[in-house]
Amino acid sequence: MGRSEPLSRTSEARSRLLATATRIFYTEGIHSVGIDRIVTEAQVTRATLYRHFPGKEELVLSYLDGVDQAIRGQVNGALAEGRPAGESLLAIGRSIAGDIRSPGFRGCAFLNAAAEYPDPAHPAHQAVLAHRQWFLETVTGLLEQAGHTPPEPAGRHFVMLRDGAMAAGCLFDPELIGETFLHGVDGLLRNPAGVRGERGPVADHPLGQGLLHRAERDGGGLDVEEQGQLAP
């Protein structure tokens, strides 16, 4: 019993440090925040910080791990209710839209971190890639269960919809961005064949045939510029 109190205080100090770093890293950026700012706002000493985190890099990695665990918790919560795969994807989409609409939203923590750590070999960049690979595999598996064949292009499509919404959500009206994102997810789920389904009049356009062929090859759709080329 005599040792539990110091351990409790130690755990509290670590939690306070990580919570402070998480708040500031997300709202202001990682590189712009120094150790002095973190220890001051967490009300601990530098010695206490270095007792728990050998350096700033370890603190950054703990921050990214915490964000990763929080997002996994949201996704697992959507999956735990035993819905069909399509409804689970919509539930994940609604969770993402809810994040975009939340106060203090500043975009995707992982995309932000990737911009600050562009070196693919850096541990922070590796943490970003690991998180994104897990998310891609998760949504791809659900899309396969929902009837998408092959599911990989649809999985990439879902992730790109999410990335675009995350980037736009802190620049424009978050309500509108969330609504647009969910509309895109709904459209993706309603068309399991993607570009391999009914092509409509685009396939009859000489340029459209070439663009659709490329889209099928690359597993994507037509971008805004390409769609404009097909306009009458």
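Applying the condition of being of a type in the set (Ser, Thr, Tyr) and assigned to a helix (DSSP H, G or I) to segment 41-78 and asking which residue is nearest to Ser11 (Cα to Cα) yields Thr48.
When Gly184, Gly194, Gly178 are checked against the criterion of being at pLDDT below 90 and in contact with a helix residue (DSSP H, G or I) (Cβ under 7 Å, 6 or more places away or on another chain), Gly194 stands alone in meeting it. Restricting segment 1-45 to residues that are small (Gly, Ala, Ser) and at pLDDT 90 or above leaves a set whose member that is nearest to Cys170 (Cα to Cα) is Gly29. Flag set for Leu61, criterion: modelled with pLDDT of 95 or more, open to solvent by 50 Å² or more (accessible area, probe 1.4 Å) and of a type in the set (A, V, I, L, M). Selection of first residues in segment 140-165 that are assigned to a loop (DSSP other than H, G, I, E, B) and of second residues that are among the hydrophobic types (A, V, I, L, M, F, W, C), restricted to Cβ pairs under 7 Å at least 6 apart or on distinct chains, gives the following pairs, ordered by first then second residue: Ala146/Ala85; Ala146/Leu89; Ala146/Leu189; His148/Ala154; Pro151/Leu143.
Take the residues of segment 104-159 that are of a type in the set (Asp, Glu) and over 14 Å from Val75 (Cβ atoms): which is most open to solvent (accessible area, probe 1.4 Å)? Only one residue fits best here, namely Glu144. Would you be able to tell me the number of residues in segment 79-97 that are open to solvent by 40 Å² or more (accessible area, probe 1.4 Å), part of a helix (DSSP H, G or I) and either in contact with a helix residue (DSSP H, G or I) (Cβ under 7 Å, 6 or more places away or on another chain) or within 15 Å of Phe181 (Cα to Cα) (or both)? Of the residues in that region, 3 qualify.
The values are calculated or read from the model by the stated rules, or taken from the named source; none is laboratory data. As the structure is a prediction and not an experimental result, all values here were calculated from the model. Every residue, glycine as well, gets a Cβ built from its backbone with ideal geometry; the counts of neighbours run over all protein chains shown. Surface accessibility is based on the protein's heavy atoms, side chains included, excluding ligands, DNA and RNA. Shrake-Rupley method; radii C 1.70, N 1.55, O 1.52, S 1.80 Å.
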